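Below is one structure, written out as structure tokens; comments come after it.
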Amino acid sequence: MTIFVKNVKATNLFGMYNISWNFNHSVSIINGPNGCVKSTALKIIDDTVNDINSTFPADSVSVETASDNIKVFDLCFVPNLAECLKGVEHCADQINMFTTMINEMFEVTKKHIEPKDLGFVVMQKDKELNQAWLSPSEMYFISLFFNLIFKAENCLVLIDNLGDGLHVNWQEVLIDNINDIAEIKGLQVIAVSHSVSTIADHTDQIAEMDIEVIK
């Protein structure tokens, strides 16, 4: 289990909350109603770990870490799947994990990806499919898993709105896949999610939250 960030606290946040989150898993989920400062928690963590001198609407904020040297990985979109491995160190196990996870998602539409030259191609009925014809949800999965499997290693990954807008079948396996990747790559993932289907089988991974509403 990889834990870089143990706790984040804020007092008198927005003049409304004294709040604390504890992160006890390699993959932790921040869950709650809209507007209850979940994304703010990610920003507090990101700015504090990266020594960014941000001003938050709070009397104080603090982040308890397990190390002084934490790398925060920035997720990015994969613009060109055909050349995504160019300049990226990789091995056969990573390629196998990536194609297996994506192809399980693609099975219902009879698509699959396979490695080719410096990247991957998407196939459907034995014909190569232009990346431009993939849906935003399909590219979301490709970009997320590519980043986690091929680029992130021994670092902290912060994800906002994990799984939102995806089909329920994809939401249900999302955390399982991220758990597997995090274990192999030495990642701590802290994610905000509003999706009931995404977290339904992983309620034990919801970050412990202590919140006091200031009256």
Of the residues that make up the stretch 108-118, is at least one of a type in the set (A, V, I, L, M), at pLDDT 90 or above and within 28 Å of Val88 (Cβ to Cβ)?
yes
Among Ile190, Ile181, which is open to solvent by less than 60 Å² (accessible area, probe 1.4 Å) and outside any helix (DSSP H, G or I)?
Ile190
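Matching residues to (1) open to solvent by 40 Å² or more (accessible area, probe 1.4 Å); (2) in contact with a Ser or Thr (Cβ under 6 Å, 6 or more places away or on another chain); (3) within 27 Å of Glu183 (Cα to Cα); (4) modelled with pLDDT of 95 or more:
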residue: Ile3; (1), (2), (3), (4): yes, no, yes, yes
residue: Asn7; (1), (2), (3), (4): no, no, yes, yes
residue: Phe14; (1), (2), (3), (4): yes, no, no, no
residue: Tyr17; (1), (2), (3), (4): no, no, no, no
residue: Phe23; (1), (2), (3), (4): no, no, yes, yes
residue: Val49; (1), (2), (3), (4): no, no, yes, no
residue: Ser60; (1), (2), (3), (4): yes, yes, no, no
residue: Ala66; (1), (2), (3), (4): yes, no, yes, no
Residue hits (the stretch 187-210; among the hydrophobic types (A, V, I, L, M, F, W, C) and either touching a Cys at 6+ places or on another chain (Cβ under 6 Å) or within 12 Å of Asn31 (Cβ to Cβ) (or both)) are Ile190, Ala191, Val192, Val196, Ile199, Ala200, Ile206, Ala207, Met209
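Here's the yes/no breakdown for (1) crowded, with 17+ Cβ neighbours inside 10 Å; (2) touching a residue at least 40 places away in the same chain (Cβ under 8 Å); (3) under 22 Å from the mean Cα position of the chain (by Cα):
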| site | (1), (2), (3) |
| --- | --- |
| Asp117 | no, no, no |
| Val122 | yes, yes, no |
| Ala132 | no, no, no |
| Pro136 | no, no, yes |
Members of the stretch 195-215 that are in a loop (DSSP other than H, G, I, E, B) and open to solvent by 70 Å² or more (accessible area, probe 1.4 Å):
Lys215
Which of the residues spanning the stretch 184-215 are in contact (Cβ under 8 Å) with a residue 40 or more places away in the chain and within 14 Å of Phe145 (Cα to Cα)?
Ile184, Leu187, Val189
How many residues does the stretch 105-153 contain that are assigned to a strand (DSSP E or B) and farther than 18 Å from Gly87 by Cα?
10
For Thr109, which of the numbered conditions (1) farther than 22 Å from Leu156 by Cβ; (2) touching a helix residue (DSSP H, G or I) at 6+ places or on another chain (Cβ under 8 Å) fails to hold?
(2)
Condition broken by Asn31, with the remaining ones in (1) closer than 16 Å to Val189 by Cα; (2) open to solvent by less than 40 Å² (accessible area, probe 1.4 Å) satisfied:
(2)
Is it fair to say Phe150 is under 22 Å from the mean Cα position of the chain (by Cα), surrounded by 12 or more Cβ atoms within 10 Å (Cβ to Cβ) and at pLDDT 95 or above?
yes
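The values are calculated or read from the model by the stated rules, or taken from the named source; none is laboratory data. Values in this document were obtained by computation on a predicted structure and should not be read as measured data. Methodologically, a virtual Cβ is constructed for each residue, glycine included, from the backbone with ideal geometry; neighbour enumeration extends over all protein chains shown. Please note that ligands, DNA and RNA were not included when accessible areas were found on the heavy atoms of the full protein model with its side chains. Shrake-Rupley method; radii C 1.70, N 1.55, O 1.52, S 1.80 Å.
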